[in-house]
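Colleague: I'd like to ask you about the structure that follows.
The values are calculated or read from the model by the stated rules, or taken from the named source; none is laboratory data. Here the structure is a predicted model, which means the values were calculated and not measured. Positions of Cβ are generated from backbone atoms using ideal geometry, with glycine treated the same way; all protein chains shown enter the neighbour counts. For the accessible areas, the whole protein counts, side chains as well, though only heavy atoms, and no ligand, DNA or RNA atoms are used. Shrake-Rupley method; radii C 1.70, N 1.55, O 1.52, S 1.80 Å.
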Amino acid sequence: MQQGQMMDRPLMISDIITYAAEIRGDQEIVSVRVEGDRHRYTYADLAGRAAQLAHALRKLGIGDGDRVATLAWNGYRHLELYYGISGIGAVCHTINPRLFAEQIVYVVGHAEDKVLFLDATFVPLVQKLREHLPASLRYVVLGDDTHGLDGALAYEDLLAGQPAAIDWPSFDEKTASGICYTSGTTGHPKGVLYTHRSTLLHSYGLMAIATEVGLTPTDSILPVVPLFHVNAWGLPYAMPLTGTRIVMPGPKLDGESLFTLMDEEKVTSAWGVPTVWLGLLAEMRRQGRKPDGFDVVIIGGSAAPEPMIREFEVDFGVRVVHGWGMTEMSPVGTLTTMGPTLNALPDKERRRFKTGQGRRMFGCELKIVDEAGDRLPHDGEAFGELLVRGHGVMNGYFANEEASAVAFDAEGWLRTGDVAKIDAYGFLYIVDRTKDVIKSGGEWISSLDLEGAALGHPAIAECAVIAAPHPKWGERPLLIARLAEGQTTSPGEVRAFLADKVAKWWLPDDVVFVDDLPHTATGKLSKLTLRERFKDHVLPTAAD
Ligand code: ADP
């Protein structure tokens, strides 16, 4: 083959921040700080401080491949860490503070972190864990002082006096830039090591759909999805690349705080998991309006329930984009991008597509297979295990051969652990997680679809469906629901409500009401906890 004659410049994360500072230097970044105030500066300031941080890290002896950890909310200092660390060839390890204590200790040890940067909020947590963390680990508290953390440095002292300019080094684009650990519902968390190349290509993928999700210089984006959760869906890179205004919420993620921030800062595009939007919607309902300027909400991480999509779009005029992805894939895989044909459909029909997880992002391919590993048609009917491959998809877990050995099929595609169908338009519909699907007499029942239908009931605020053991069918669905405030209903009434919405043999054998449902470190319903809690639950039908 004839080689082309173009320069072979490596794809570097530092190019994003340099570009943003030059081209969008005056664009604003607003951050709610743990100090309680609202901080404002620009992309030019961000680039300058990332450079100062890079110099400071080098002084601390941080260099090629060293892992540097963060325990922080969404704010400008966390963004500086994203760029300062990877820019010098070190690896940014964002730790999810909602992991169990022993998991935090595990990931710090497994990643062999050298320095931990933490928000003042997390000083008590670190003090508690300290005796279990490596003695050599250094601590930097993100602020003006160390908040009583022995031996720690204050971030602002670290940066002070460092030059605000840097000649970012250029190196192999396949160099590791960041690491995220899955929340590890079973076993230890597993690490996914991103490269500069995968990160840039993933950002370009988001740029291909920029106007649909509000990634433009006239938009103000609110990343509610944390910077400590799978690269905040790629936003820390895609926002500077496209020059959006950034509004970061800090630690306050309740509906009222989000509403006020969005309203005052005129946020146009907000990104987060469904649980967060439950809170915001409650506040929108209470005030009878949406935050001023709110145009589009990006919902992902777990399935966006149909009533939530309807309420945003019909009651408040906020466009919904629903997305799917996973830590192992940078993380975005699909988004409900539309087009002339689908946009021309009546609202209700168009909305139906949004209950699915959307179409693949550029750079990511999807396939569904049967139990023998043979490809299934994209006809919207056939469903099977979902596999992916692409620029942003990992090729193995970090220092974990055991998990890596079973993560791929013979063609090298990544097994997602999800069961899905794909329709003729290329829309993906997640049926369930492989381990959550209910296997009733050899047939599969989708816990996700059942939950979606049950959420249509006005008295149900949140619910989960899990498999309960059944002597005849093996497993049968058990619906566990949290009621909306002041509402009542009964198991019989809920079953009657579902009767014309799902197949008769899908109807849950029992409905249980609880005060609270357990969530994972990433805000998803923890079915593992529920299965454990209800392991001795006897279905009324099991006695027959
Ligand atoms: P963790 O496993 O640490 O919570 P991930 O973000 O990697 O974090 O989880 C990825 C999984 O989340 C997917 O494999 C899928 O099961 C689920 N998921 C993500 N987005 C959606 C969505 N829109 N609808 C249904 N499931 C989703």
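Colleague: Using +1 on the beta carbon of Lys and Arg, -1 on that of Asp and Glu, and nothing else charged, what's the dipole of segment 321-437 about the Cα centre, debye to 20?
Modeller: 660 debye
Colleague: Here is a follow-up. With all protein chains present and a 1.4 Å probe, how do Lys527, Lys290 order by accessible area, largest first?
Modeller: Accessible-area ranking of Lys527, Lys290, largest first: Lys290, Lys527.
Colleague: Related question: Please compute the per residue accessible area over the chain with all protein chains in place, 1.4 Å probe, rounded to a whole number of Å².
Modeller: Working: 22860 Å² over 544 residues.
That works out to 42 Å² for each residue.
Colleague: Put +1 on the Cβ of each Lys and Arg and -1 on the Cβ of each Asp and Glu in the chain; which of Ile95, Ser220, Thr337 then has its Cα farthest toward the positive end of the dipole?
Modeller: With unit charges placed on the Cβ atoms, the residue in question is Thr337.
Colleague: Can you tell me which lysines have their Cα less than 29 Å from the Cα of Lys439? Leave out same-chain residues fewer than eight positions away.
Modeller: Lys190, Lys354, Lys367, Lys421, Lys472, Lys501, Lys504, Lys524, Lys527, Lys535
Colleague: Please work out the ratio of the alpha-carbon Rg of segment 438-543 to 2.2 N^0.38 Å and round it to two decimals.
Modeller: Normalised Rg, Cα atoms only: 1.01.
Colleague: Can you work out the Karplus-derived ³J(HN,Hα) for every residue in segment 243-249? Use 6.51 cos²θ - 1.76 cosθ + 1.60 with θ = phi - 60°, whole Hz, and x for glycine or proline.
Modeller: Karplus values, whole Hz, x for Gly and Pro: x, 6, 6, 10, 10, 10, x.
Colleague: Further question: With only alpha-carbon atoms counted, please give the Rg and Dmax of segment 104-157, in Å.
Modeller: 10.5, 30
Colleague: Oh, and also: Can you give the three extents of the C-alpha atoms in segment 243-357 along their principal axes, from longest to shortest, in whole Å?
Modeller: For segment 243-357, the Cα extents along the three principal axes come out at 36, 35, 28 Å.
Colleague: What do you get for trypsin sites (Lys or Arg not before Pro) in segment 246-340 restricted to DSSP loop and a cutoff of at most 16 other Cβ within 10 Å of the site's Cβ?
Modeller: Answer by residue number: Lys252, Lys266, Arg289.
Colleague: Can you give the convex hull volume of the alpha carbon atoms of segment 355-428 per residue, in Å³?
Modeller: Residue-normalised Cα hull volume stands at 96 Å³.
Colleague: Right, something else. Considering the convex hull of the alpha carbon atoms of the chain, report its projected area averaged over all viewing directions, in nm², one decimal.
Modeller: 26.9 nm²
Colleague: While we're on this one: Based on the Kirkwood radius over alpha-carbon pairs, what value in µm²/s does the Stokes-Einstein equation return for the translational diffusion coefficient of segment 1-82 at 37 °C and 0.692 mPa s?
Modeller: 220 µm²/s
Colleague: OK, next. I need the semi-axes of the equivalent ellipsoid of segment 8-202: take the C-alpha gyration tensor, multiply each eigenvalue by 5, square-root it, list largest first in whole angstrom.
Modeller: After scaling each eigenvalue by five and taking roots: 25, 21, 15 Å.
Colleague: Sticking with this structure for a sec: Tell me the Rg and the Dmax, in Å, that the Cα atoms of segment 63-160 produce.
Modeller: Expressed in Å, the Cα Rg and Dmax of segment 63-160 come to 12.3, 34.
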